[in-house]
Amino acid sequence: MAKKTASEKTTLTGASINPLPGNVPYRTVSLCPECAAKLDAEVLEKDGKIVMEKTCPEHGFFKEVLLSDAYYFHRMMAWNRDVGCGVINPAIPDATLCPDHCGLCNLHVSHPVLANIDLTNRCNLSCPICFANANVQDYIYEPSYEQVVQMLQTLRDSRPVAGRVIQFAGGEPTLHPDWYRILTKAGEMGFSHVQCATNGLKFAEDSFAEKSREAGLHTLYLQFDGVDPGLYEKIRGRKDLLDVKMKAIENIRKAGLKIVYVPTIVGGLNDDQVPKIVQFALDTIDVCSGISFQPVAITGRIDDAEREKMRFTLSDLANGVNKLGYTSKEDWFPLSCTTPITELIQALRNEPNVMVSCHPLCGIGTYFFVDKNRKPTPVTRFLNIMGLFDDIQKQADKLKNKTTFKSLYNNLSKFSLFSSANKHFDESKAPEGLTLTKLGQTIEGLLDKKAGRGTNDGTYTYKTLMVAGMHFMDGYNYDVERVKRCVIHYSAPDGRLYPFCAYNSGLVFREKIEKQFSCSKAEYRRKQAVNLQ
């Protein structure tokens with residue numbers, strides 16, 4: 001049988017996959033930010049920036065900056081392998097339009113890697129930049145314990161790869177009346193990693209962090225917008241919020257949980273905090289495993305000049321971190337670059353594995369290896385990442401379509417990764433104490449949540465800090481090809497899975513789902529009163 005060309009690639013259910021371009025200019029499909037109509041769009045390089053241009057017949061011309069520094073576009077695209085192929089059991093098997101026919105559909109190119117379940121739209125803060133519009137709606141969305149279990153099961157039933165990493169979100173997920181019970185159930189159902197997206201207020205309370213850990217929580221994605229107390233009044237509406245977060249961090253440390261700081265960055269408001277947040281993460285490396293910067297998604301109508309001021313791209317993020325002096329432009333890579341490791345594991349194990357096959361423009365990052373003095377060294381300084389991944393891909397390609405005994409998986413996979421790393425590892429440039437053996441153990445810990453759990457203390461793995469950014473889309477920079485490759489999905493009470501940027505922007509499936517499975521605030525209060533009796 002003749003090998004398929006890139007243009008003939010299909011999903012596991014036979015839908016055509018549009019190959020991603022390697023360079024600009026190129027054309028794609030976007031949306032009108034005002035009426036959500038589908039528009040042909042062009043992505044091109046202008047004045048050293050990567051921009052998207054499109055015209056709506058009703059609302060006119062739109063130009064949006066995707067990356068303020070074109071260098072990062074070329075670097076991120078250079079890593080692109082675009083190997084996703086979707087799921088074999090989509091809820092919508094005959095979709096023809098993206099993102100209209102969503103849930104997941106046969107057109108989707110990636111399977112879930114990180115899944116969200118919104119436990120409630122209630123919140124104990126009122127943040128003006130919240131994409132979930134918590135506390136603004138006139139209804140309460142709060143799935144019952146039984147509905148949450150069904151949403152978890154939907155993820156576990158996903159094929160060819162069952163959902164393994166779950167994040168409970170909201171609103172503020174810790175407000176759900178069955179919080180501990182839900183955490184325990186997620187572990188019982190086979191989720192290898194359980195985390196929550198939280199503002200941290202409940203974790204500032206005595207014993208809450210400890211009880212959450214005992215129930216099965218592993219990691220907090222902690223809302224953290226900077227180290228300036230005054231920012232929190234502007235962004236989150238509460239003066240003392242930084243103090244509360246510091247108390248939460250201390251409680252989390254005592255409980256033995258891990259934190260990923262999640263700053264929402266708004267241009268002209270807190271973009272100066274980027275290097276300060278990185279330094280804060282290094283100062284709290286004993287409890288912190290990463291930072292997930294989230295440039296603000298701009299919703300609703302907004303003046304062009306104001307939008308341009310607020311817009312903060314992934315290249316702005318990288319350049320902001322570079323100001324600390326630890327990194328340069330050459331130390332950054334797209335989050336999707338790890339697909340060769342997955343392909344090697346799949347070939348050795350002869351079964352599918354979790355693959356981060358998102359669009360190269362979705363996320364950018366680097367890994368710091370942090371020595372005992374809390375000095376970070378980017379992994380790219382002592383390890384030829386691109387050379388390593390190229391070699392791993394060659395090994396995977398050789399093993400494909402060959403029968404491999406599953407009992408050999410652990411030894412073979414570790415040997416293959418170890419031997420490849422040995423070729424590209426320069427110990428003379430590595431931080432103090434990082435040997436090839438320790439590097440191999442650390443890679444194992446990063447790939448296997450169970451292997452790494454509780455060992456990020458220098459006794460087995462080396463201390464690492466992920467510094468990354470995910471730029472979730474809005475109507476101005478929307479790209480349907482990015483939506484198709486999304487790996488961060490929402491599980492909803494209707495039994496379907498939705499890509500993050502389809503759920504929260506564009507056609508905004510969140511609003512449809514919440515209204516379908518919600519009740520009035522008065523009805524919610526009556527239900528709660530009955531439950532308390």
Of (1) buried (at least 18 other Cβ atoms within 10 Å of the Cβ); (2) basic (K, R); (3) modelled with pLDDT under 95, R311 satisfies every one except (3)
Counting only residues in the range 382-421 that are among the polar types (S, T, N, Q) and closer than 12 Å to I443 by Cβ, the one modelled with the lowest pLDDT is identified as S413
Residue hits (the range 52-75; assigned to a loop (DSSP other than H, G, I, E, B) and surrounded by 15 or more Cβ atoms within 10 Å (Cβ to Cβ)) are S68, D69
All conditions in (1) in contact with a helix residue (DSSP H, G or I) (Cβ under 9 Å, 6 or more places away or on another chain); (2) modelled with pLDDT of 95 or more; (3) outside any strand (DSSP E or B) are true of G506 except (2)
Residue hits (the range 261-274; touching a helix residue (DSSP H, G or I) at 6+ places or on another chain (Cβ under 9 Å) and buried (at least 16 other Cβ atoms within 10 Å of the Cβ)) are Y261, P263, T264, I265, V266, G267, L269, N270, D271, Q273, V274
- request: Return a yes/no flag: does the range 225-238 have any residue that is buried (at least 22 other Cβ atoms within 10 Å of the Cβ), closer than 19 Å to Q167 by Cα and in contact with a strand residue (DSSP E or B) (Cβ under 7 Å, 6 or more places away or on another chain).
  value: no
Among the residues that make up the range 109-119, is at least one of them on the phi < 0 side of the Ramachandran plot, hydroxyl-bearing (S, T, Y) and touching a residue at least 12 places away in the same chain (Cβ under 8 Å)?
yes
R238: passes all of (1) in contact with an Asp or Glu (Cβ under 8 Å, 6 or more places away or on another chain); (2) assigned to a loop (DSSP other than H, G, I, E, B); (3) touching a residue at least 60 places away in the same chain (Cβ under 8 Å) but (1)
Looking across the range 369-382 at residues that are out of contact with any Lys or Arg (no Cβ under 9 Å at 6 or more places or on another chain) and either in a strand (DSSP E or B) or on the phi > 0 side of the Ramachandran plot (or both), the single one that is surrounded by the fewest Cβ atoms within 10 Å (Cβ to Cβ) is P378
- Is there a residue in the range 496-509 that is within 17 Å of the chain's Cα centre (by Cα), within 27 Å of S30 (Cβ to Cβ), of a type in the set (G, A, S) and surrounded by 16 or more Cβ atoms within 10 Å (Cβ to Cβ)? yes
Of (1) touching a Gly at 6+ places or on another chain (Cβ under 9 Å); (2) of a type outside the set (S, T, Y); (3) modelled with pLDDT of 85 or more, A430 fails just (1)
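For (1) assigned to a helix (DSSP H, G or I); (2) surrounded by fewer than 18 Cβ atoms within 10 Å (Cβ to Cβ), each residue gets a yes or a no:
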{"position": "A281", "(1), (2)": "yes, no"}
{"position": "L324", "(1), (2)": "no, yes"}
{"position": "T327", "(1), (2)": "no, no"}
{"position": "T338", "(1), (2)": "yes, no"}
When the range 380-403 is checked residue by residue, the ones that are hydrophobic (A, V, I, L, M, F, W, C) and touching a residue at least 40 places away in the same chain (Cβ under 8 Å) are F382, L383, I385, M386, F389, I392, A396, L399
Within the range 343-368, the residues that are more than 17 Å from the chain's Cα centre (by Cα) and outside any strand (DSSP E or B) are E343, L344, I345, Q346, A347, L348, R349, N350, E351, P352, N353
- [ ] Test D457 against the stated conditions and say whether it is surrounded by fewer than 23 Cβ atoms within 10 Å (Cβ to Cβ), at pLDDT 85 or above and not polar (S, T, N, Q).
- [x] no
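Per-residue answers, yes or no, for (1) among the aliphatic types (A, V, I, L, M); (2) outside any strand (DSSP E or B); (3) touching a Phe, Trp or Tyr at 6+ places or on another chain (Cβ under 7 Å):
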position	(1), (2), (3)
D40	no, no, no
I50	yes, no, yes
M77	yes, yes, no
C85	no, yes, no
I88	yes, yes, no
Here the qualifying pairs (Cβ atoms under 9 Å; residues six or more apart or on different chains; first in the range 19-32 and closer than 19 Å to L107 by Cβ and small (G, A, S); second at pLDDT 95 or above and loosely packed, with under 14 Cβ neighbours inside 10 Å) come out as S30/D40
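This table checks each residue for (1) part of a strand (DSSP E or B); (2) in contact with a His (Cβ under 8 Å, 6 or more places away or on another chain); (3) of a type in the set (F, W, Y).
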site	(1), (2), (3)
K254	no, no, no
Y261	yes, no, yes
S289	yes, no, no
I298	no, no, no
E306	no, no, no
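The values are calculated or read from the model by the stated rules, or taken from the named source; none is laboratory data. Being a predicted model, the structure only gives us computed values, none of them experimental. Glycine gets a Cβ as well: all are built from the backbone with ideal geometry, and neighbour counts include every protein chain shown.
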